[in-house]
1. Just for the range 243-270: of the residues that are over 28 Å from the mean Cα position of the chain (by Cα) and surrounded by fewer than 17 Cβ atoms within 10 Å (Cβ to Cβ), which one is farthest from residue 162 (Cα to Cα)?
2. Looking at the range 297-339, which of the residues that are assigned to a loop (DSSP other than H, G, I, E, B) and either of a type in the set (Asp, Glu) or free of Cβ contacts under 8 Å to residues at least 12 places away in the same chain (or both) is farthest from residue 279 (Cα to Cα)?
3. Residue check, residue 332 against (1) surrounded by fewer than 16 Cβ atoms within 10 Å (Cβ to Cβ); (2) among the β-branched types (Val, Ile, Thr); (3) within 13 Å of residue 280 (Cβ to Cβ), all met but one. Which one?
4. What is the number of the single condition among (1) free of Cβ contacts under 8 Å to residues at least 12 places away in the same chain; (2) farther than 23 Å from residue 322 by Cα that residue 378 does not meet?
5. Taking the residues in the range 279-296 that are free of Cβ contacts under 8 Å to residues at least 60 places away in the same chain and closer than 17 Å to residue 241 by Cα as candidates, determine which candidate is least open to solvent (accessible area, probe 1.4 Å).
6. Identify all residues within the range 95-112 that are surrounded by fewer than 22 Cβ atoms within 10 Å (Cβ to Cβ) and not small (Gly, Ala, Ser); write none if there are none.
7. How many of the residues making up the range 358-378 are farther than 29 Å from residue 196 by Cα, open to solvent by 50 Å² or more (accessible area, probe 1.4 Å) and in contact with a helix residue (DSSP H, G or I) (Cβ under 9 Å, 6 or more places away or on another chain)?
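The values are calculated or read from the model by the stated rules, or taken from the named source; none is laboratory data. From a predicted model like this one, the values you see are computed outputs, not experimental measurements. Positions of Cβ are generated from backbone atoms using ideal geometry, with glycine treated the same way; all protein chains shown enter the neighbour counts. Surface areas here come from the heavy atoms of the whole protein model, side chains and all, with no ligands, DNA or RNA. Shrake-Rupley method; radii C 1.70, N 1.55, O 1.52, S 1.80 Å.
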Amino acid sequence: MTIVPGAPSALALYRILLIEDDPGDAVLVEELLHDTGLPFELTTRTSLAEARTELASGRADCVLLDLHLPDVSGIDALTAVRTLAPHTAVIVLTGLSEAQAGAEAMAAGAQDYLVKGKVEPDLLHRTVRYAVYRSRTERASAQAQAARQRAEENARLERGLLPQPILDTSTVKVTSRYLPGAALALLGGDFLDVVEGDDGLLHAVVGDVSGHGPDAAALGVFLRIAWRSLVLGGHRGEDLLHLMERILIAERGSHSLFATCTLLTLDQRVGTVTLHLAGHHEPLLTTAEGTREVTAAHGVALGIVPGLRSWPSTTVPLPSTGALTLYTDGLTEGHSGADNDRLGVEGLLTLIENLPPADPAAHVDRLIQETHRLNAGRHSDDLAALRLDWGDLPSHP
């Protein structure tokens, strides 16, 4: 290995791998590199087999490749090098009598070619620099294209997995927000949905699968789709939760995952809401007087004690105008400021009280922004929030 300092260039150091079985040609290439003024690190190997480790490591910026090696020759040699080091610049070294070999090599993926015996230092200098530049530009372009494709695929996946409310005649305004806790994740283990049944009742769910990662996310998707299908199929209350628990147990496999959720059924004709809490916290009710938690009976989380079926219902009269907010603990378990205290429900209610008046969507967005500001990145959890706003419900005495 030879290391030679040189004048400033596009790279601080060009790491060059020469694959050449002729010792005389190898010496000539090294001498030419000295004369180019490029700062370089040269490693020489006499066969593809000997060069495999260096190629696979990805350390080389540029490969100078003789097309006639002991173990492989011609375009096959280039193909093998490109397979082992797809993002490394390759310059093919051809003989004087191989007029077509260089052009064929470039068509097969080489960045450039040089004819032995006709290489001058200035030509080698330009060829190495431009080959490395083109290779890196192509790699950056490929990575950008791959990133665009992933973004497009994620957008399609998000549209397919995050639900659109099914509302036929209901006048309830639905606002939903979903933020996965993991960086770059599309979905977490939280789930939410809203549908209007054939009976005219508005049904909603917000839930949270224990744990993090793809298993929790997949199970959250299963439960969300199962809930929608079962509700549209006419299942309600304890029966619905029992079937969701059976699906959870079947889909979680060997993982000890469980899920909490709140089921909500809003009857606009009589102005009431019926709640089932499966290990989940109560929703928040917003009226002209302020926001408070709804008092409701609690049941066991899904998958904790299979078969127990303990999910009591609570029916609450609603004001003629108001809003219900269902959410997961990603909204409350972050920190409440500079200390290590958690925000909690009380802190969340205080935030809501201090927020300026706004339309529902802006209000939910501002609330999430404030919780994130207070948390300052110290706690990361999935967050799902669902707000239902209504007006002109029947009044209650």
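1. 270
2. Restricting to residues being assigned to a loop (DSSP other than H, G, I, E, B) and either of a type in the set (Asp, Glu) or free of Cβ contacts under 8 Å to residues at least 12 places away in the same chain (or both), the top hit is 338.
3. Of everything listed in (1) surrounded by fewer than 16 Cβ atoms within 10 Å (Cβ to Cβ); (2) among the β-branched types (Val, Ile, Thr); (3) within 13 Å of residue 280 (Cβ to Cβ), residue 332 misses just condition (1).
4. Here residue 378 meets the rest and fails (1).
5. 296
6. Result: 96, 98, 100, 104, 106, 112.
7. Counting residues in the range 358-378 that are farther than 29 Å from residue 196 by Cα, open to solvent by 50 Å² or more (accessible area, probe 1.4 Å) and in contact with a helix residue (DSSP H, G or I) (Cβ under 9 Å, 6 or more places away or on another chain) gives 0.
A quick yes/no check of all residues on (1) of a type in the set (Val, Ile, Thr); (2) at pLDDT 95 or above; (3) closer than 21 Å to residue 241 by Cβ; (4) open to solvent by 40 Å² or more (accessible area, probe 1.4 Å):
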position	(1), (2), (3), (4)
298	no, yes, yes, yes
302	no, yes, yes, no
342	no, no, no, yes
392	no, no, no, yes
